[in-house]
Structures are given as C-alpha cells and as structure tokens.
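Structure first, commentary second.
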Amino acid sequence: MRDEGPPGEEDADGPCIGVRVPAKINLFLAVRGRAPDGYHDLVTILQTISVYDRLRVGVYGPPGRGHHPAARRRMRIELRQEPRSGLPTGEDNLAVKAARTLGGLRGVIDPNGEQRSPSKAEPRTVLDLEKTIPLTAGLAGGSADAAGALVALNELWGCELSTAELREVAMELGSDVPFCVSGGTALATGRGTTLAPVLCGGTFHWVVCESDDPLPTGEVYRVWDDVCEPTDAEPQAVLVALREGDPWALAHALHNELEPAALALRPDLGEGKKVLADAGALGAMVAGSGPTLVALARDAPDAERLREEVGGWFPRVHVGTSPAGGPRLRPC
Ligand code: C5P
C-alpha cells in the first residue's frame, strides 16, 4: 500500500536510478558557541553507519512520446513512500526540496512553477523512498534522503554537477546534507557544513537503539543554550583512535556536547545508557541530538550479543558498522 496515488510501474518511460544512503553518527561534537544567525558553531567528527534508506528516482510520463522541454520544465516532483506516521510528505519532505532545488538550479524544472494535479499526459519525476533510518532521531535520516535525491537526480537528469557542487546545493537544505552527499568520515566545522576528510583505519561495530519519541534538533539546541556552555574540547583522541582502528580508544574518546541537553529533555536516555554499559558496551552515547543511543562493541559477535541483551529495553535495536561509505547508485 502506498499513501499517494502516483503512476504505476507500467507507465515509466524514462530512465530510473536507485540509491542507497547511510545514516550518520557524531563521534565527537563540541559546541564553540552560538552564531548571530542562531546556528551553533561546531567542531564535529561525522561518520556514516550501515543503517540505510533506499530511494529510487525515475521519470514517468506519456509512454512513447518523449518529453518536450517546455513540458519537462513544468515537471511535477512526486514522493512515494510506505505509510508511516510522522514522515513529512510533499513539499515538506527534504528529498522533495532537494529535487526542486537541484532541478530549479539546472533549469530542469521551473522551481516556482505551478503545481498541477497529477496527469498521465505530463512528465513527472517520482521519488520512491524506502525508509529504515528512524525519523527525527539524531541519525540524519532526512538529510541522507536529501543527499540521495541530489546524487541520484544529478545522474538521472544529466545535471553533471561535481561532488563539490552538489555539496554547495546541499548546504541550503540542512547542516548534515553536505556530509551525507559523500559520506565516509569527516571533520566538520562552522554550522557543520565545512568538511575535511578524516582517515579511518578500521571498521567499528555498533548497536543502534531507537526510541519511539522523536526529539527535534532545534529543541535540543535551544536547551543547550539554557543549560550548557561552549567548550574548547579538541577531537585529537578520536582522530587517533580512528586512524588506529582501535574500538577501546574510540570508546574512551567519544564526546557529544549535545548529550546533556538531550538528557535534560529525555532523562530516560540516561537509563538507556546505563543499560548498555551494564551489558558490557565499550562506550555508549546519544547519537547527535538524539534520542537514538549508539553503543560501541568489541567486534561483530559482541555487537550481536549486545543487541540480544538490550533488545527488551528499546523498541528497536539494529547492529551496524562504520564507516559505511556514501550514497551508492545502482540500476533499478
Ligand atoms: O540545519 P538543520 O535544518 O538540519 O538544523 C536544524 C536545527 O538545528 C536548526 O534550525 C537549528 O535550530 C539547529 N542547529 C544549530 N546549529 C547547527 C546545526 C543545527 O543551532 N550547527
């Protein structure tokens, strides 16, 4: 069952591309202060983790007629997704915004064009989204979908933007979107959008513990303003642990200055951290702005053991590895 009534598979007459996009975690996050625009100045180390959303993008339209450029510029962007409460639809969805921004920029579509009611006589681009990354959870799920849309539509529409240019477009969409365009491991500064690659010499094994109640990022930053102070903490210990691929050193170095604000809003997350520590996790922390908790395991069997042990405490627990690369394109 789909929650919108877009075209069926049978009327696809254009190309179609699939993309798999990973979630992200912050291994280090220090808040240097609040900038005049209200955003916070960060030093953070971001890494992708193997919890993925999948997106398929395709051009649909009148079979066999091709697409006149004028008709193409009026092209609708449609989103299909499994019904799931809380997932933004239509223009509020970040992947749709990404599509409109890229399409408008490259003249593929008219960004201010009138939104027409669906018609089989007009071409349209359909984004088919299959979500696994939990929503509003501190794992950049919405940002990953937006990055996936940019990377896949850049191919589908033949925009020919470089990765650096895609990251520029991504900055308008959200602080985590530029990182999600290329993934891997990066040191980010400023709003979180100025990126430098970081060497990672190993694979790390995690359990990812979901929460049923979302925690909006802006709210966590507002509480940070009330209860926290800027610091000058440096990410050196995390950089060394990553280079050496040492999970014990990484567990010791994990650092998230949004955590006190998330815990102030959600004291139950403190209990969750204790459950993970008691189960023998090397380290556990709030993922980004939360409310997801991530816990570092020794190796893959240890991660499975941890998942079994804490499974009753959280609504859903995944195992994952990091780093998980970036968006990966595949034919439909
Ligand atoms: O950039 P993005 O839309 O993902 O950010 C969501 C919210 O998080 C912002 O509206 C802002 O309140 C907060 N934020 C911040 N400083 C950052 C990143 C995000 O204050 N560096």
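The values are calculated or read from the model by the stated rules, or taken from the named source; none is laboratory data. These figures come from a predicted structure and were not determined experimentally. Here the Cβ is made from the backbone with ideal geometry for all residues, glycine too, and neighbour counts use every protein chain on show.
If you check residue 165 against the conditions, is it more than 12 Å from the ligand (Cβ to nearest atom), surrounded by fewer than 18 Cβ atoms within 10 Å (Cβ to Cβ) and either part of a helix (DSSP H, G or I) or in contact (Cβ under 8 Å) with a residue 60 or more places away in the chain (or both)? So residue 165 passes the test.
The residues on offer are 174, 142, and the sole one that is within 15 Å of residue 101 (Cβ to Cβ), in a loop (DSSP other than H, G, I, E, B) and small (Gly, Ala, Ser) is 174. Scanning region 295-332 for residues that are touching a Cys at 6+ places or on another chain (Cβ under 6 Å), part of a loop (DSSP other than H, G, I, E, B) and either more than 30 Å from residue 59 (Cβ to Cβ) or of a type in the set (Lys, Arg) (or both) returns 314, 323. The lone criterion from (1) in a loop (DSSP other than H, G, I, E, B); (2) within 16 Å of the ligand (Cβ to nearest atom); (3) buried (at least 18 other Cβ atoms within 10 Å of the Cβ) left unmet by residue 200 is number (2). Just wondering, is there one or more residues in region 277-294 that are farther than 26 Å from residue 35 by Cα, within 16 Å of the ligand (Cβ to nearest atom) and part of a loop (DSSP other than H, G, I, E, B)? Yes, region 277-294 contains at least one residue that is farther than 26 Å from residue 35 by Cα, within 16 Å of the ligand (Cβ to nearest atom) and part of a loop (DSSP other than H, G, I, E, B).
For region 211-252, a residue qualifies if it is assigned to a loop (DSSP other than H, G, I, E, B) and among the charged types (D, E, K, R), and the qualifying residues are 212, 213, 229, 232, 234, 246. Suppose we keep only residues that are within 11 Å of the ligand (Cβ to nearest atom) and among the β-branched types (Val, Ile, Thr) within region 170-193. Which one would you say is nearest to residue 44 (Cα to Cα)? This residue is 189. Sub-9 Å Cβ pairs linking a first residue in region 30-54 that is closer than 30 Å to residue 79 by Cα and within 9 Å of the ligand (Cβ to nearest atom) to a second residue that is assigned to a strand (DSSP E or B) and not aromatic (Phe, Trp, Tyr), at least 6 apart or interchain, are 39/190, ordered by first then second residue.
Scan 99, 121 and give me the residue that is farther than 26 Å from residue 315 by Cα and at pLDDT below 90. Result of the check over 99, 121: 121. Under the condition of being modelled with pLDDT of 95 or more and within 16 Å of the ligand (Cβ to nearest atom), the residues counted in region 203-216 number 2. Is region 187-195 home to any residue that is closer than 23 Å to residue 148 by Cα, buried (at least 22 other Cβ atoms within 10 Å of the Cβ), of a type outside the set (Ser, Thr, Tyr) and touching a Leu at 6+ places or on another chain (Cβ under 8 Å)? Checking region 187-195: at least one residue is closer than 23 Å to residue 148 by Cα, buried (at least 22 other Cβ atoms within 10 Å of the Cβ), of a type outside the set (Ser, Thr, Tyr) and touching a Leu at 6+ places or on another chain (Cβ under 8 Å). Among all positions in region 219-230, there is no residue which is more than 10 Å from the ligand (Cβ to nearest atom), in contact (Cβ under 8 Å) with a residue 24 or more places away in the chain, surrounded by 20 or more Cβ atoms within 10 Å (Cβ to Cβ) and within 30 Å of residue 319 (Cβ to Cβ).
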